[in-house]
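Student: Would you mind keeping the following structure in view while I ask a few things?
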Amino acid sequence: MTPVTAGATLAEPDVAAFRAAMGRFPTGVTLLTQGSGDETIVMTLNSLTSVSLDPMLILVSVKASGRMRPRIMNAGSFAVNVLGEAQLDLAVEFCKPDRPEGSAAMVRLGAREGVTGNAVLPAAETYVECVLDAEYTAGDHTLLIGRVVALSDGAPHPDPLLFHQGKFGRLPAAGRQGAAA
């Protein structure tokens with residue numbers, strides 16, 4: 001990559017420059033789940049977007065060649081569990097290729113089966129259960145649109161886990177709702 005000055009525009013960005021640019025956008029951290037009990041699979045995910053209020057739709061992006069996409073396609077449902085800062089260890093553990101699956105994953109997460117049959121984490125900041133509404137191929141990923149059918153009321157004092165510039169982080173105390181002044 002050619003060195004550039006701050007604020008310069010790259011006419012032909014490479015993958016590293018694109019990744020660095022996207023890393024400047026902080027995101028939340030979630031665990032995407034499909035199945036429960038012995039059939040549970042889980043992955044760390046930070047590509048979650050609210051799409052529509054009427055109907056209630058969300059979008060997640062998964063690797064097209066990964067193991068999650070075909071499972072969601074076959075089952076027609078998934079759950080997204082928004083992690084709190086105290087769940088950093090789960091975010092790290094479930095982004096590894098050898099992450100726990102099945103009942104071991106359920107136990108590790110402290111999960112229960114949600115109304116869609118997918119693992120949900122009662123201790124998460126919130127969780128959203130969806131039935132698959134649509135899928136779209138986008139490069140090496142598949143965009144999955146989920147119609148929301150159930151959700152939790154959320155943690156009483158939100159403290160979301162964040163991901164920014166390749167590192168996990170948190171909101172400053174003054175920025176969190178419910179924080180003491």
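The values are calculated or read from the model by the stated rules, or taken from the named source; none is laboratory data. Treat the numbers as computed from the prediction; the structure is a model and nothing was measured. Counting neighbours? That spans all protein chains shown, and the Cβs are built from the backbone with ideal geometry, glycine included. What goes into the accessible areas is simple: the full protein's heavy atoms, side chains included, and nothing from ligands, DNA or RNA. Shrake-Rupley method; radii C 1.70, N 1.55, O 1.52, S 1.80 Å.
Student: Taking θ = phi - 60°, what integer Hz values does the Karplus form 6.51 cos²θ - 1.76 cosθ + 1.60 yield along the range 36-47, in sequence order, with x for Gly and Pro?
Tutor: Listing the rounded values in order: 8, x, 5, 9, 6, 10, 9, 8, 6, 8, 10, 9 Hz.
Student: Here is a further query. First compute the accessible area of the range 75-128 with a 1.4 Å probe, then give the percent of it belonging to carbon and sulfur atoms. Please report the intermediate quantities before stating the final value.
Tutor: On the way: 1280 of 2260 Å².
Of all accessible area on the range 75-128, carbon and sulfur atoms account for 57 percent.
Student: Could you run the Karplus curve 6.51 cos²θ - 1.76 cosθ + 1.60 with θ = phi - 60° over the range 51-66 and give me ³J(HN,Hα) per residue in whole Hz, x for Gly and Pro?
Tutor: 9, 8, 8, 9, x, 6, 10, 10, 10, 10, 10, 10, 4, 4, 8, x
Student: I've got another one for you. Considering the alpha-carbon set of the range 26-83 alone, what are its Rg and its Dmax in angstrom?
Tutor: Using the Cα atoms of the range 26-83, the pair Rg, Dmax is 11.7, 34 Å.
Student: Report, by chain and number, residues whose modeled amide H sits under 5 Å from the one on LEU57, excluding near sequence neighbours (fewer than 5 apart, same chain).
Tutor: Excluding prolines and chain starts, which carry no amide H, the hits are VAL51, SER52, VAL148.
Student: For the pair ALA17 and ARG67, how long in nm is the line joining their label points, each one 7 Å along Cα→Cβ?
Tutor: Inter-label distance under the simple model: 3.7 nm.
Student: Sorted from largest to smallest, which semi-axis lengths in Å does the alpha carbon gyration tensor of the range 72-181 give for its equivalent ellipsoid, taking the root of 5 times each eigenvalue? All intermediate terms of the calculation are to be shown ahead of the outcome.
Tutor: Values: eigenvalues 126, 58, 54 Å².
Gyration-tensor ellipsoid for the range 72-181: 25, 17, 16 Å.
Student: Hey, what did the chain get for relative contact order, percent, Cα under 8 Å, at least 6 apart?
Tutor: Numbers: 364 pairs, mean separation 46.7, N = 181.
Computed value for the chain: 26 percent relative contact order.
Student: I would also like to ask the following. Just the accessible area per residue of the range 16-103, please: how many Å² with a 1.4 Å probe? Could the numbers behind the result be given before it?
Tutor: Values: 4420 Å² over 88 residues.
For the range 16-103, the per-residue accessible area is 50 Å².
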